[in-house]
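Okay, structure first, notes after.
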Amino acid sequence: MTLALALNFVDRQVINILAEPIRADLGLADWQIGLMSGLAFALLYGVAGIPFARWADRGHRPRIMGFAVLAWSGFTIACSFARSFPQLLLGRVGVGIGEAGLTPAANSLIVDYFPAERRASALSIYYLGVPLGSLAGLALGGLVADAYGWRTAFLVAGIPGLLIAPLLWLGLREPRTHFGKQSSAQPGPFAALRTIWSVRTYRLVVVATACQAAVGYGFGPFLASFFLRNHGDEIVGLAARADVGVSGFLGIALGLSTGLAGAIGVWLGGFLADRFGRRDIRAYVTIPALASFAALPCYAAIFSMSDGSVALVVLAVPNILGVMWMGPVHSTQQSVSPVEIRGAATALFLLILNVIGVGMGPLLVGALSDLLSWQLGYDAGFSLRVALVLTSLFAPLAGWLFWQARSSIQDDFAT
């Protein structure tokens, strides 16, 4: 399942390192990059997650995951044949629909296998697929794009999923059939959503995570553009010394920062939550809160630096802090949800996270950048720099919301 999630993020993140060559080839504006990589993907991802989740609450979850991997991989391959913005947009929408089927089923299956006191660590192992997939998508995407073009990068990103899908289908066990577990009678979809949303802890962590995602995912499509526009000569020189193309160099550098640092952050968040959560259940929201508060000054410093190489290195710090929520939050939202609707709880969580965070985050960065450039006359590098700093203000808002959940999490876990 971790490997499947890694492929999920290979296909999702590869477009971020390809943003500049795609923009140049198809003549796109920043807002179109933000729409294509953000809202169009996230909206369909979130909406499609609801029927997938209802299916996961009833059906054979390994088969659901195998079908999802097959679907999004096919659409990623289709993106390599796009000749216009609408065609590429349609392909990314298809990727979003396919990817919606993985995590609701995976979260539900993992929770069936592990007791509450081990769930944050177990889910953190699963969510290691996010930084590892981001590393592979950025690094391999950049190298392949340099050598063969951005269309080939989409093709290479999509093919592995065709091999992984049968492994999920055939290699995982479904507890409902192998261990005799049967789902309880389920409420209707609207009743299920009302039940979930009535839990205060769930509401707070969902909105907090969406705010945090607006920062992390909002930055994704524009980090390579930021370094090229603001530190272009330095990046070209570093790439030349490394004897790789510019896209390949940035893909490796950003991939290592996102992937390795992110992997540390995901694991650390889950480990700390389970360790301290045994004594105080509030640790499951305290750790994400503190990490979100600490991330803001890091982002502000990075986007203000004059030295691009230092900024690339320091970027690892907020990349660690920005993903420490993954294990604790997914464990929390599953543990406060009734067992018979945990798939639906994950789907609603992902819908809000993706529409607000993954969807609006990149679009907000792109729109702010274009507004500053077109209306106020700033150059493209400075306008993007300011847009990224302004978007980072969502991080302390996320921290405040996580902190508010401390007052209700004990009662909601007990329930």
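A few comments on the model shown:
- Restricting the range 77-180 to trypsin sites (Lys or Arg not before Pro) in coil, as DSSP defines it, with at most 10 other Cβ within 10 Å: ARG83
- Separation of the LEU376 and GLU340 label points, Cα + 7 Å toward Cβ, nm: 5.4 nm
- For the chain, built as a Gaussian network whose Cα springs stay under 10 Å, the top-fluctuating residue of ASN319, ASN230, ASN16: ASN230
- Kirkwood-type radius of the range 6-155, with distances r between different C-alpha atoms, in Å: 16.0 Å
- Alpha-carbon Rg with Dmax, taken over the range 191-333, Å: 17.9, 60
- One chain, two ends: LEU393 and GLN87. Fully extended at 0.36 nm per residue, the span grows by 106.8 nm beyond their Cα-Cα distance.
- Hull shadow area, averaged, the chain [alpha-carbon convex hull, nm²]: 18.4 nm²
- Rough spin-label spacing in nm, given labels placed 7 Å along Cα→Cβ, for TYR113 and ASP411: 3.5 nm
- Computed [θ] at 222 nm, helices only, for the chain once each DSSP H run of length n ≥ 4 contributes -39500 (n - 2.57): -25000 deg cm²/dmol
- Helices assigned as whole DSSP H runs in the chain whose Cα atoms extend at least 30 Å along their own long axis and whose mean Kyte-Doolittle hydropathy is 0.0 or higher are found at 150-171.
- Along each principal axis, taking the top coordinate minus the bottom one, the Cα set of the range 333-415 gives 55, 25, 14 Å in descending order.
- Paramagnetic label reach from ILE159 (point 7 Å along Cα→Cβ; backbone nitrogen cut-off under 14 Å): within the range 126-143, residues 141.
- Percentage of interatomic Cα-Cα distances in the range 276-415 larger than 25 Å: 39 percent
- Largest to smallest in accessible area, the residues PHE52, PHE75 fall in the order PHE75, PHE52 (1.4 Å probe, all protein chains included).
- Charge dipole (Cα centre; +1 on Lys/Arg Cβ, -1 on Asp/Glu Cβ; no other charges) of the chain amounts to roughly 1200 debye.
- Here the spin labels are modelled as points 7 Å beyond Cα on the Cα-Cβ line, and at ARG279 and ALA191 they lie 4.3 nm apart.
The values are calculated or read from the model by the stated rules, or taken from the named source; none is laboratory data. All of these numbers come straight from a predicted model, not from anything done at the bench. Cβ coordinates were reconstructed from backbone atoms using ideal geometry, including for glycine residues, and neighbour counts include every protein chain displayed. The accessibility values were calculated without ligands, DNA or RNA, using every heavy atom of the protein model including side chains. Shrake-Rupley method; radii C 1.70, N 1.55, O 1.52, S 1.80 Å.
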